[in-house]
Amino acid sequence: MKPELSSIDLFFLIKEIKKAENGILGKTFNNQTKQLFIEVYEKNTGKKFLTYYHPFFWLGNKKVPGDLSNFSMYLRKHYERAKIISINQVKSERIIELVLDKGGKSARIFFELFGQGNAILCDDTNTIFYPIEVQEWKDRMIKKGEKYNWFENNKNIFEFTEKDFRALEVNENISRTLATVYGFGGVFAEELCLRSEIDPKTVEVNQKQKKKLFGEFSKLLREKSNPQLVFDPQKPGVLKDITPIKLQKYSKLENKPVESFSEALEENLLVLEEAPKENPRIKQLQKRIEIQENTLIEYKKKIDENNKKAEHIYENYEKIEQLLEKGRKAVKAGEEITGITIDRKNKKILAEV
């Protein structure tokens, strides 16, 4: 079964999930630390879930049960109803960048699909202010206040030129070099060799072959999405792989085309049980916060109204003082004055300014 998404898998997947751009974030759910389900409401597709199911990611229709983590609660509190500005792959890394905007304030969530995985919330300068998990490595640190930019100097294989391929140095064999040194992943490294008519195990690759590799790689990236479920005829019903395009590597196996690479991942990888559970205490606190926010809005309205009244009194101070003086004299004399209403019972003088 598919162990993870390669950089090239992700390249094709991003094209599918970009349909969620301009969508509005709803609630965030999770059942484990690195399994997040973010509701997205999009005009043309309705409600979907951007799903981080480490080491996978997809745009699907389902979610699984679980208590809400602090990370999920933080996203709910601060980014529910935020707009998705863009969804991108970071260079050719196995990282998805989700750019959000709420009330003119932007933020980014980075989803790592490699190693231990992580989901990292940053501001618009890539300064971390909430990772789903604090991690410390020899060459980088994932925690609040640190910059999330370790990949800035890494090469982007999707921008490789023929010159880059000609400079390729083979370690062990060509397939392993493409898979590990260049980050193509094992399946696509072998696929590229087959399309270029090069033995994946070969150690020496000449300039003509390198040019052919570049040409086939360029063609591969231009292919239209054609997702496939791959089965081994020797093991009926056992899924071997899920691919975003039809691969020559699996030409002797059973290939079943499907409409969506993203939904194929969900259908075959997601362990579905029941709807996520919500902590009743958290729900109670959310309600209290909502009441307090509404009360604050009402107070702000009253402050604005009173400020306007104060400004009006200040601007018409002399006129108001004259009316009050007339009113006082009328009260003493027991007279009535046109334009002024005297409420003797409640000791009020009413006049329109």
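The values are calculated or read from the model by the stated rules, or taken from the named source; none is laboratory data. What you see is a predicted model, and the numbers here were worked out from it, not measured in a lab. Every residue, glycine as well, gets a Cβ built from its backbone with ideal geometry; the counts of neighbours run over all protein chains shown.
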Next on the checklist: Looking at the range 115-130, can you tell me whether even one residue there is free of Cβ contacts under 8 Å to residues at least 12 places away in the same chain, out of contact with any strand residue (DSSP E or B) (no Cβ under 8 Å at 6 or more places or on another chain), surrounded by fewer than 19 Cβ atoms within 10 Å (Cβ to Cβ) and not polar (S, T, N, Q)?
Outcome noted: yes
Checklist entry - Would you pick out the residues in the range 138-180 that are among the hydrophobic types (A, V, I, L, M, F, W, C), more than 30 Å from PHE71 (Cα to Cα) and free of Cβ contacts under 8 Å to residues at least 12 places away in the same chain? => result ALA167, ALA179
Checklist entry - Does VAL187 satisfy being more than 20 Å from TYR250 (Cβ to Cβ), surrounded by 13 or more Cβ atoms within 10 Å (Cβ to Cβ) and either over 27 Å from the mean Cα position of the chain (by Cα) or not charged (D, E, K, R) (or both)? => result no
Checklist outcome for this item: Checked the range 44-85 for anything touching a strand residue (DSSP E or B) at 6+ places or on another chain (Cβ under 9 Å) and polar (S, T, N, Q); matches are THR45, THR51, ASN61, SER69, ASN70, SER72
Next on the checklist: Against the condition surrounded by fewer than 11 Cβ atoms within 10 Å (Cβ to Cβ), at pLDDT below 95 and more than 30 Å from LEU192 (Cβ to Cβ), how does ILE282 come out, does it pass?
Outcome noted: no
Item to check | Restricting the range 233-272 to residues that are of a type in the set (D, E, K, R) and within 16 Å of GLU190 (Cβ to Cβ), the residue that is surrounded by the fewest Cβ atoms within 10 Å (Cβ to Cβ) | outcome: LYS252
Checklist entry - So which residues in the range 92-111 are buried (at least 17 other Cβ atoms within 10 Å of the Cβ), touching a residue at least 24 places away in the same chain (Cβ under 8 Å) and among the charged types (D, E, K, R), if there are any at all? => result GLU93, ARG94
Item to check | Residues (at negative phi and not in a helix (DSSP H, G or I)) located in the range 180-195 | outcome: TYR182, PHE184
Next on the checklist: Looking only at the range 32-85, count every residue that is in contact (Cβ under 8 Å) with a residue 40 or more places away in the chain, of a type in the set (A, V, I, L, M, F, W, C) and either assigned by TED's automatic domain parsing to the domain that holds LYS287 or assigned to a strand (DSSP E or B) (or both) and tell me the total.
Outcome noted: 10
